[in-house]
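Contents: one structure, followed by commentary.
The values are calculated or read from the model by the stated rules, or taken from the named source; none is laboratory data. These figures come from a predicted structure and were not determined experimentally. Note that each Cβ is placed from the backbone with ideal geometry, even for glycine, and that neighbours are counted across all protein chains shown. Surface areas here come from the heavy atoms of the whole protein model, side chains and all, with no ligands, DNA or RNA. Shrake-Rupley method; radii C 1.70, N 1.55, O 1.52, S 1.80 Å.
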Amino acid sequence: MRNILVTGGLGYIGSHTVVELIKNNYTPIIIDNLSNTEFEVLERLESITNTKLNYYNIDICNGKALSEVFTKHQIEAVIHFAAFKAVGESVEQPLKYYINNINGLNTLLSTMETNNVKNIVFSSSCTVYGEPDSSPVNETAATKRANSPYGRTKQIGEDILQDCKFLNTVSLRYFNPIGAHPSSKIGELPLGIPNNLVPFITQTAAGIREKLTVFGSDYNTKDGTCIRDYIHVVDLADAHVKALTFIKENPENKFEVINIGTGNGLTVLEIINTFEKVNNIKLNYSIGPRRPGDVEKVWADASKAKLKLGWEAQLDLTEMLVSSWNWQLSLKNK
Ligand code: WQD
């Protein structure tokens, strides 16, 4: 198994996964319509990997263009990242999310079926758990109706994959990806005002944002702020390579869901305090009201990933927050 189609391969997690694929002697074939990234990421990937990459500017809903890529390259597996992922935006524009995320997946799967390609790693999310009854949350926990159309598209996506019996699927339920490649050549590129905590922290530290608002300090947690499981994007990328190995070694597999998290829950204030300490920076922030839809606490039981994939997080919070800051600094010099 060598030629791997990486949809959304110039995005935040996709680009870091391309680096790990090449490290493991795969040939990534990248498609990306640049709706949430920049073409420059391709040049940076070629610089990091010292490899000329196959890239096509294709929309995942364009079945004709997608088929041409399958015909041109002997695709043996797909890693599917291409989807919109802003929770807040999905509440404002649900149809945009259902069309892109669900129609896109259906277009991909019908093209795979036509070309007799059955291996797929799907980008899912801990959002499918909603507010779990308890944490750490494992894969057998009931998935509750997600509180955003974005989360719904991940739940529906998993149902579609499970129903398509011709597939060999591993669905990776990401917790909170943060950090950047140690080269600082790729990282999270939030276009516009960041929704997520860490890019907002780094942009505040860089003076791009005036102040960070902590969304609520009256939760039932040690310091009143929400708890999440933050995972280094390079560790997350490695999990995709190990998922391909699992698929290769388990040709009879139909559908496996696997949490990808560290197993540690950290509060918002712990992230802020650690960021200040490891980067020797004073951050301008204040406590504000809760953000509607936020889950109070969720972190992973990551034991299945270790058992099935032989994967566990290697990089610690310091590396996550130092690499995030170094990436932000590199953007300043762009
Ligand atoms: C984290 C915490 C906020 C911004 C995201 C994605 C979701 C999934 C998981 C991929 C929360 C608080 C944030 C700010 C804050 N990823 N916060 N001030 O909401 O857990 O979900 O990761 O599938 O799709 O959206 O991440 O980074 O937005 O928030 O206080 O300016 O930081 O309230 O407690 P979230 P987040």
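Of the conditions (1) crowded, with 21+ Cβ neighbours inside 10 Å; (2) farther than 19 Å from residue 240 by Cα, residue 122 clears all except one; give me its number.
Residue 122 satisfies every listed condition except (2).
Of all residues in the stretch 204-263, how many are touching a helix residue (DSSP H, G or I) at 6+ places or on another chain (Cβ under 7 Å), open to solvent by 40 Å² or more (accessible area, probe 1.4 Å) and aromatic (Phe, Trp, Tyr)?
Here the count works out to 1.
Sort out which residues of the stretch 283-334 are of a type in the set (Gly, Ala, Ser) and under 19 Å from the mean Cα position of the chain (by Cα), and write them in order of number.
300, 302, 305, 313, 323, 324 - these are the residues of the stretch 283-334 that are of a type in the set (Gly, Ala, Ser) and under 19 Å from the mean Cα position of the chain (by Cα).
Which ones in the stretch 162-183 are open to solvent by less than 20 Å² (accessible area, probe 1.4 Å) and within 18 Å of the chain's Cα centre (by Cα)?
169, 170, 171, 172, 173, 174, 175, 178, 179, 180
Scan 131, 92 and give me the residue that is acidic (Asp, Glu), free of Cβ contacts under 8 Å to residues at least 60 places away in the same chain and surrounded by fewer than 19 Cβ atoms within 10 Å (Cβ to Cβ).
92
For the stretch 44-70, what are the residues that are farther than 26 Å from residue 118 by Cβ, charged (D, E, K, R) and free of Cβ contacts under 8 Å to residues at least 60 places away in the same chain?
46, 52, listed by residue number.
Would you pick out the residues in the stretch 71-89 that are over 15 Å from residue 146 (Cβ atoms) and either touching a residue at least 12 places away in the same chain (Cβ under 8 Å) or open to solvent by less than 20 Å² (accessible area, probe 1.4 Å) (or both)?
Passing the criteria: 71, 73, 74, 75, 76, 77, 78, 79, 80, 81, 82.
Within the stretch 137-155, how many residues turn out to be closer than 14 Å to residue 99 by Cα and among the charged types (D, E, K, R)?
Matching residues across the stretch 137-155 total 2.
May I ask you to list the residues in the stretch 286-334 that are within 16 Å of the ligand (Cβ to nearest atom) and either open to solvent by 70 Å² or more (accessible area, probe 1.4 Å) or at positive phi (or both)?
287, 289, 290, 291, 292, 293
Quick one: is residue 190 without any contact (Cβ under 8 Å) to a residue 24 or more places away in the chain and either surrounded by fewer than 23 Cβ atoms within 10 Å (Cβ to Cβ) or among the aliphatic types (A, V, I, L, M) (or both)?
When the stated conditions are applied, residue 190 passes them.
Which of the residues belonging to the stretch 272-283 are open to solvent by 70 Å² or more (accessible area, probe 1.4 Å) and either touching a strand residue (DSSP E or B) at 6+ places or on another chain (Cβ under 8 Å) or on the phi < 0 side of the Ramachandran plot (or both)?
Answer for the stretch 272-283, where residues must be open to solvent by 70 Å² or more (accessible area, probe 1.4 Å) and either touching a strand residue (DSSP E or B) at 6+ places or on another chain (Cβ under 8 Å) or on the phi < 0 side of the Ramachandran plot (or both): 273, 277, 282.
Which strands (runs of 3 or more DSSP E) does the stretch 121-220 wholly contain that include 2 or more residues that are within 13 Å of the ligand (Cβ to nearest atom) and of a type in the set (A, V, I, L, M)?
212-215
If you check residue 231 against the conditions, is it in a strand (DSSP E or B) and under 17 Å from residue 319 (Cβ atoms)?
Answer is yes for this residue.
Hey, any hits in the stretch 95-103 for a residue that's buried (at least 22 other Cβ atoms within 10 Å of the Cβ) and more than 21 Å from residue 262 (Cβ to Cβ)?
Yes; the residues of the stretch 95-103 include at least one that is buried (at least 22 other Cβ atoms within 10 Å of the Cβ) and more than 21 Å from residue 262 (Cβ to Cβ).
Suppose the filter is closer than 23 Å to residue 38 by Cα and touching a residue at least 40 places away in the same chain (Cβ under 8 Å); does residue 244 pass it?
The answer is no for residue 244.
Do you know which of the residues in the stretch 27-58 that are under 14 Å from residue 185 (Cβ atoms) and among the charged types (D, E, K, R) is most open to solvent (accessible area, probe 1.4 Å)?
43
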